[in-house]
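The values are calculated or read from the model by the stated rules, or taken from the named source; none is laboratory data. The model shown is predicted, which means the values in this text are computed figures rather than measured ones. We place every Cβ from the backbone using ideal geometry, glycine too, and count neighbours over all the protein chains shown. These accessible areas exclude ligands, DNA and RNA; they are computed on the full protein's heavy atoms, side chains included. Shrake-Rupley method; radii C 1.70, N 1.55, O 1.52, S 1.80 Å.
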Amino acid sequence: MFLTRLALRLRVLTILLMVGVMVAGVYGVSKLRIELFPDIEFPLVIVSAFYPQATPDAVLRDVTIPVEQAVRGVDNVTMVRSTSSPSFALILVEAPFGVDMKAMERDIAQRVQALHFPAGVQPPRVSRVNPDEFPVLQVSILGQPSIPDLYGIVSSQVLPALRAVPGVGGADVPLGAEAGLSIIRTNGSPSLSIGILKTPDANTVEVSHAVGEALEALKPAVPADVQFIELFDQAPGIEDSINELKQEVLLGAILAVLVIFAFLLSVRPTLVTSTSIPVSILAALIVMHWQGMSLNILTLGGLAIAVGRVVDDSIVVMENIFRHIQQGEDRRTAAFNATREVASPVTASTLTTIAVFAPLGFIGGFIGVVFLPFALTITFALLASLVVALTVVPVLASLLLAPSNGRRQRGSSLERLYAAIIRWSLQHKLRTLAIAAALFVASVGLVAFIPVSFLPSSGQVLVNAQIAVPGAASQQEVLDQLAQAEVALSKMRSDGVIEAFQSTVGNTGQFGAAQANNSASLVIQLPEDADASQVTETLKRDLPGPGRTVAVSTSSDSGPQSNNLELTLLGGDYAVLTEAANKVTLELQKMPGLTDLRNDAAIAGQTPGADGLLTINRVDGRRAVTISGAITDRNTGKAQRDVRQTIDRVGLPPGVEVSTGGVFASINEAFSQMAVAMLLGLALVYLVMVVTQRSLVTPFVIVFSLPLASIGALGGLFITQRTLGLPALIGILMLIGLVVTNAIVLIAFVEDLRRRGISASEALVQGGRTRLRPILMTALTTIFVLLPLALGLGGRGSGIIGAELATVVIGGLMTATFLTLVVIPIVYSYLRRKGPKAQPAPSAADD
């Protein structure tokens, strides 16, 4: 109570500090970088090398194998993947998340530099993969000048101008295009492509806009027929996602204020309580700016979630002050006494909510790295809300609340109804517990009927296509087939179906760009209002033709792909491996819910090394064939089971094994890591309650509220048929901290009443009636704050922090709040027959 006592003594200073925090928060927002995702260092090092005119066998023998052998001795390497294609080697060295990738990159670079390669091999390039290595903007340049002349214009005028833009970390033409190993065409015409990188501390949106302005300024200086076409731009997707979340945060805050007013039916206490929302959120933004964090869909999603929770502490404090004033206490005395009465449970409930996020910092992996900023943002806001509830709210209440007018407290009819329900439940304990247990078992049974996925699809859809020309003896044959496909694409462009398209033949030297020289890749830009699924079907129908096959895939610009199927067959005998892969692929093509099934052996269409046309893939030194495709079934978990059953039915020959990647591997990792996080979170929540309540039994009583939340969480997913994936699992983790707060507030007051000599049954009834209003207020504010997310009012959807998470939290809070008020008193009556020791009331000297 030191903070509360000090704040009430220095009320003017407290208000000035509150205003200062808000001003500093507004300033901090203006300085935060705006990104799509937090800064993530992917545990991947890339080694690439050009070996002009070399066949895949020569590339494998002279470059790939020596590099593979060199990097295997590096610490923390978990897997080495390699692709040997005509004139190009690509080696991917994988490690666990959390490893010092700078040190690993240095070690690999030193080992590669110590190798001696045959004449003609260009010095290998070693680099790490992080978001700053991916272009924020991809610009295609085309015109009537020949490619050499166009390259002269680009290198002498365009690149220097773009590199001079503030925040641009690099602007380059792909290495393969410079070396003449790849051919790039845009809208059917020869072109060059420029990837624009930003500096680590630059704002993606600002860089994108500045580059656009620089390109406009360049147009008068270059020949009139030279065009700049932006094929990819991160800025619009970021701005849309951020704006949608901002709208949902604002709408949620408005709904929270309306809920508070609906219970208190008074403007002044509503305003006092609502103050915690802007102060807590802006305080969190100050800390984010201090820590160098960015405003992205995860941190802003954390703020959206926090809006519903930061007001909870203030609601409990304000409602208790309001009740004390209505009982006749003067405002200043009521502010102190009421805050002291609830300070301990409020602190405990906040710390338990924070505790559930702590495991995200320790479990590692993709989830730990990606969701740590989300957890930190909520933690910053909750700690700020606790300080606000114990200082600012009592001060404002002592100044603004009206004295008691002697009227009877509103809501007494609801309290009388609850008192009747709790008395009946305490008289029929076993029957009430049996009903709750039956509901819990039934909710667990719903899991079998809930779709399972990794992440929901959201954001702008990117369309890619791969054109394969089996048996092509030269690059010209691929170009001829590509030209025929481009006729169909040009017609679609003239009809407004697509915006633009870019095709690439050969290796550009970019990450993930290695491909056989009997194939071409396509990037297709869609109009903003295009139906991506319909365009994809049109492409599948119109692009294939005699002598060529086409595979079309889609991805999202707002997160990892959630529909990609990837199976890798490993073995020593390539002929046996290819035969097994073809058999499995044919069987998988018969499965509903899968599309675009293919394997890279079939795409190559050649025997190893024949005419230098095969791309040779290896995993940890073993030959590999990858089966890939897209999953159209929303229930990815069911598709995973069906694929496994299909492989078991087909059978694999001796010496051939299958490795699961893609979304299947992501689901398995997510569920295992989140199970660990939930167990750790539960243990930390219990430990926090033991420390704050100085009891082993009382926290055990409170923990019984957790199964009650699963009834609504799983029931909500079943009713809406939303998927049980990573967002839903994060929601369940959050519920562990959220649902115990109501039980803490209830049981803490019951314990206090028993210390005053009131019997257990009467303390449960009286405590429940007294704490009914704050419990309902805190639950309903969180529920209404999350409604915009659950209903998807933002438009495109909020991606990782979106409808699934909100559905789980809303459903869990609905059932947990009601059943906590009924079931927890019964559990308490069984486990706490002996009440706490009576304590003397604090004297005036204590104040």
Check your understanding: Once the Cβ-Cβ distance between Arg61 and Ile40 is put in as r, and R0 is 35 Å, what FRET efficiency do you end up with, to the nearest 0.05?
Key -> 0.45
Review point. Counting Lys +1, Arg +1, Asp -1, Glu -1, what net charge surrounds Pro527 among other residues with beta carbon under 12 Å of its beta carbon?
Key: -4
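Can you give the percent of C-alpha pairs in the range 10-159 whose distance is more than 20 Å?
Working: 7393 of 11175 pairs.
In whole percent, the long-distance tail amounts to 66.
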Check your understanding: Can you give the convex hull volume per residue for the Cα atoms of the range 55-95, as a whole number of Å³?
Key -> 44 Å³
Exercise for review: Calculate what fraction, in whole %, of the accessible area of the chain sits on carbon and sulfur atoms when a 1.4 Å probe is rolled over the protein chains.
Suggested key: 59 percent
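At 222 nm, what helix-only mean residue ellipticity would the chain give, in deg cm²/dmol to the nearest 500, using -39500 (n - 2.57) for each DSSP H run of four or more? Could the numbers behind the result be given before it?
Numbers: 29 runs with 473 residues, N = 847.
When only DSSP H runs of four or more count, the value is -18500 deg cm²/dmol.
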Review point. How many lysine pairs does the chain hold where the Cα atoms are under 20 Å apart and the two sit 8 or more places apart or on different chains?
Key: 7
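Shape verdict for the range 679-742, please, from the Cα gyration tensor: rounded (a/c under 1.5), prolate (a/b greater than b/c) or oblate. Don't skip to the end; give the middle numbers.
Values: a/c = 3.73, a/b = 2.24, b/c = 1.66.
Prolate, because a/c is 1.5 or more and a/b exceeds b/c.
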Revision key, fill the gap. A chain fully extended from Leu791 to His428 at 0.36 nm per residue, minus the present Cα-Cα distance, gains in nm 126.8 nm
Review point. Roughly what would the spin-label model give for Phe134 and Leu16, points 7 Å off Cα along C-beta, in nm?
Key: 4.8 nm
Point to revise | For the range 118-167, accessible area per residue (1.4 Å probe, heavy atoms of protein chains only), Å² | key: 47 Å²
Check your understanding: Hey, got the dipole for the chain? About the Cα centre, +1 on K and R Cβ, -1 on D and E Cβ, debye to the nearest 20?
Key -> 4600 debye
Point to revise | At q = 0.14 Å⁻¹, base-10 log of I(q)/I(0) for the range 317-401 (Debye sum, equal scatterers on each alpha carbon) | key: -0.56
Point to revise | Accessible area per residue, Å², the range 45-104 with all protein chains present, probe 1.4 Å | key: 35 Å²
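With contacts defined as alpha carbon pairs under 8 Å and 6 or more residues apart, what's the relative contact order of the chain in percent? Can you show the working numbers first?
On the way: 1606 pairs, mean separation 146.3, N = 847.
That works out to 17 percent.
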Practice item. Can you give me the P(r) profile for the range 211-344? Cα pairs, bins 10 angstrom wide beginning at 0, each as a whole percent. Key: 10, 27, 22, 16, 10, 7, 5, 2, 0
Point to revise | For Val656, net neighbour charge (Lys/Arg +1, Asp/Glu -1) across residues whose Cβ lies under 13 Å away | key: 0
Review point. If you compute Rg/Rh (Cα atoms, Kirkwood Rh) for the structure shown, which of [x] 0.99; [y] 0.97; [z] 1.04 do you land on?
Key: [z]
**Study point:** Solvent-accessible surface (1.4 angstrom probe) belonging to Ser490, in square angstrom, nearest 10
**Key:** 50 Å²
Review point. What is the log10 of I(q)/I(0) for the range 134-293, computed with the Debye formula using one identical point scatterer on each Cα and no solvent, at q = 0.19 Å⁻¹?
Key: -1.16
**Study point:** Coarse-grained scattering of the range 1-87 at q = 0.17, 0.18, 0.22, 0.26 Å⁻¹, given as base-10 log I(q)/I(0) from a Debye sum over alpha-carbon atoms
**Key:** -0.86, -0.90, -1.05, -1.20
Exercise for review: Quick one: compute a quarter of the convex hull surface over the Cα atoms of the range 101-149 and quote it in nm².
Suggested key: 6.0 nm²
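What FRET efficiency comes out for the pair Lys540/Ala473, r = Cβ-Cβ distance, R0 = 22 Å, nearest 0.05?
On the way: r = 27 Å, r/R0 = 1.22.
The pair Lys540/Ala473 has a calculated efficiency of 0.25.
If we sort 480-488, 626-634 on the protection proxy, mean other Cβ atoms within 10 Å, highest first, what's the order?
Working: 480-488: 18.0, 626-634: 20.4.
So the order, starting with the most tightly packed, is 626-634, 480-488.
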Point to revise | Gain in span if fully extended, Val487 to Gln110, counting 0.36 nm per residue against the direct Cα distance | key: 130.9 nm
Study note, to complete from the structure: Taking the dipole of the range 139-234 about the Cα centre (Lys, Arg +1; Asp, Glu -1; charges at Cβ), the one of Thr186, Val165, Leu218 that reaches farthest to the positive side is Thr186
Study note, to complete from the structure: Ignoring ligands and nucleic acids, Glu579 exposes an accessible area, probe 1.4 Å, in Å² to the nearest 10, of 100 Å²
Practice item. Please report Rg over Rh for the range 632-744, where both radii come from the alpha carbon positions and Rh follows the Kirkwood definition. Key: 1.14
Practice item. Roll a 1.4 Å probe over the protein heavy atoms and report the accessible area of Tyr151 in Å², nearest 10. Key: 80 Å²
